[in-house]
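Read the structure below first, then the notes.
The values are calculated or read from the model by the stated rules, or taken from the named source; none is laboratory data. Please read all numbers here as calculations on a predicted model, not as lab measurements. Note: ideal-geometry Cβ built from the backbone for every residue, glycine included; neighbour counts use all protein chains shown. Protein only, heavy atoms only, side chains kept; ligands, DNA and RNA dropped before computing areas. Shrake-Rupley method; radii C 1.70, N 1.55, O 1.52, S 1.80 Å.
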Amino acid sequence: MDQTKREFLADIETLIEQIFDDLDDLRVSGAEGRARRELVDRIFRRVHSVKGSAASGGLEAVSQIAHEFENLLSEVRAGRVLIDDPVLDTCECAAEALSESLRLAASGEVEPSRRSIFDRLLAAQNQAVVSTRPFNEAILNSVPSEIRELLTESERHHLCSVVAERGRLFVVAARFDRGDFDAEFFRLKEKLGSCGEVIATSPAVDNEHPDKIKFRLLYAANTDLQTVQTAAGDFADVVFAEIVSGNNEATKTPASVSTLSNFVRTDLDQVDRLISSAHELLRTTSTTLALAISRSTVPVNDELYKLDKQIRSSFIGLEEQLISLRLVTLGPTLARAARAGRAAARSSGKEINFEISGADIRVDKLLVEAIADPLLHLVRNAVDHGIETVDGRARAGKSPRGTVRIEAVSEGSQSRLRVTDDGGGVDPVVVSAAAQRTGLFPSAAQLDMEQSLRLIFRPGFTTVTSASDTSGRGVGLDVVETAVEQVGGELRVSSKPGHGTTFEIRLPVTFGLVAANVVVSNGNRYCIPT
C-alpha cells in the first residue's frame, strides 16, 4: 500500500475515532437542548465526511454503512427519533461496523456482508412512530400564521423541542438594503447564533420601501429579551417580539473536540530511517572530534572537549525527539476497550461502571496496535466471567453495579496495562469442576489457586457451560497470552475469590534512550543500564 492511500485511510480512521468520542459524550454527559443537538449535528457531519471520503476512495462497504448511519441521524436531527439507549446502542454498532470495514479495507481482506447492521439501522429508523415527540399545537398556533404555514416538518419538530426544553421563542423582524442584504442577513444570523438558534426564516418584499428586503425569523434562545437585543445592537432595523417564555438558564455548549491542529502524518519507516541517520551522524561527529582532540594542543583540547559535550547533548536530544514521533497516547485504545465492555455489559444485562486512568501515557504505535485486541479480550472477560449478575452481587452483599477499571501505569522505563474487576474472582472450586467436566483434570481432587490461574489460560478451556455471543467457546485468554508474548510482553494475573481479579500486561521497552555500559565477553556485546 502506498503512502497516499495509508494517509487516506488514516484520515477516515481519525474521523471514526472522533465519532466514537462524540457518541461517548452524548451517552455520558447527558447533554440536553442545544448542547445535545450540536453534538448530534457534529456526529452527522463526521459521518457525512466518512461517507464522502469512502465513496471517493472506492470503499463501498464503508460508504454504505455511513449512508444508513447518516439516515438514522437525519431522523434524530429532525426530531422524529428520540435519542434513547437503544438508538445510542445502534449508533455505536454502526460506528464499530465502520471501524471494522475500514480495518478490512486496509488489510485487503474480503469484506463480509453488513446486512445485519443495515437491518439494525433501518429498525431504529422505523421506531420513529414510537419515538416521535408530538407536535404542541398550542405552541404552533402562537407562531404568526405567515411563518407557521411555511414551517417544514423538521422545523416544527425543532420548534417543539426548543419549547420542551423551556427555551424562549422570538419573532425577529429585520429590514435590509437590497444591495447588501445577503451579507447583512448572514451577519445577523451569526450574531443571533452566539446566544440562540434560528429555527426558520420568512423573506418578503417591503412594498412601502421597495429598495428594502425584509425578513421574519423564528428564533429561540435560553436567555432574556435584553440579551438578544444587545447581541443585535448594531443593526438599525431589527425588532424582537417574544411569543413564548421559558427558563432563562443558558444551556451549556459542549466543547468541540474537533479543533484545527498542526499535526502531520508520516510513515514509521521514515521515522526509523531518521533515527538511524541521526545516530550515525552522532557517531561520525564524535569520532571526528575524538581524533581532533587526540592531535590538538592543550588550549585547543579544552575547547574541543566542551564542543564535544555540547554536540553529544544536542544529538541525544534530537534522537529523543525523533523517537517520540513513534509514540502515541493510550487514550483511544483504552476508550475503545471501555466501549467494548459497555456493549458486552448491555448484552449480558449486567450493570457495570467502567473507569479509565493513564490515558495520557505514550507508547510506541506498533505496540499499541498489537495489544489493542488482547486488551479488548480482557475487558470482555471481566464482564462475562468476572462481574456477577445483579442478583448474584446482591447475594454476595455487593452493590448492584460492578466496576471494571482499565488502567495504564508507567513504572521507570516500562509501561503496564491492568484490567481489574470487583467481581467474584477465580474460584478454584468452579475451575476444578469445569476441568473435570471437560476431562482436563480427571482426578476428584480440587485445584489450588495457582493451578486454577494456570488452567484458565489453557486453549479450549472455559468455565461457562453454554456459549454466548462473547464467551464460552474456550477462545480468549490463551489468545491474549500468545499475542502479548509475541510482542515481547508478559501477562500476569492475580485473583481473590469473592473480591475480583486483576490481569496485567507488562509491555516491553521498545524505544527509548538509555545510558548504558557496553561489556564485551567472549565476542558477545552486553549493554548494562548505568
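Things worth noting here:
- Pairs, first open to solvent by 70 Å² or more (accessible area, probe 1.4 Å) in the stretch 300-329, second assigned to a helix (DSSP H, G or I) and of a type in the set (Val, Ile, Thr), C-beta under 9 Å, six or more apart: 300/293; 305/293; 312/285; 325/271; 325/275
- Scanning the stretch 73-89 for residues that are crowded, with 16+ Cβ neighbours inside 10 Å and charged (D, E, K, R) yields a count of 4.
- Identity of the residue in the stretch 31-72, at pLDDT 85 or above, closer than 22 Å to residue 151 by Cα and under 18 Å from the mean Cα position of the chain (by Cα), that ends up most open to solvent (accessible area, probe 1.4 Å): 41
- Check on residue 369, at negative phi, outside any helix (DSSP H, G or I) and charged (D, E, K, R): no
- Subset of the stretch 286-299 (residues that are open to solvent by 30 Å² or more (accessible area, probe 1.4 Å), modelled with pLDDT of 75 or more and polar (S, T, N, Q)): 287, 288, 294
- Of all residues in the stretch 453-464, none satisfies being modelled with pLDDT of 80 or more, of a type in the set (A, V, I, L, M, F, W, C) and open to solvent by less than 20 Å² (accessible area, probe 1.4 Å).
- Extreme residue, nearest to residue 446 (Cα to Cα), among residues of the stretch 380-433 that are among the small types (Gly, Ala, Ser) and part of a helix (DSSP H, G or I): 432
- Restricted to the stretch 189-219, and to residues there that are among the hydroxyl-bearing types (Ser, Thr, Tyr) and open to solvent by 30 Å² or more (accessible area, probe 1.4 Å), the residue that is farthest from residue 173 (Cα to Cα) is 194.
- For the stretch 416-450, a residue qualifies if it is open to solvent by less than 60 Å² (accessible area, probe 1.4 Å) and in contact with a Lys or Arg (Cβ under 8 Å, 6 or more places away or on another chain), and the qualifying residues are 416, 418, 419, 420, 421, 422, 425.
- Test: residue 407 is open to solvent by 30 Å² or more (accessible area, probe 1.4 Å) and at pLDDT 90 or above: yes
- Evaluation of residue 104 against the conditions (1) in contact with an Asp or Glu (Cβ under 7 Å, 6 or more places away or on another chain); (2) crowded, with 21+ Cβ neighbours inside 10 Å; (3) among the hydrophobic types (A, V, I, L, M, F, W, C) shows that the sole unmet condition is (2).
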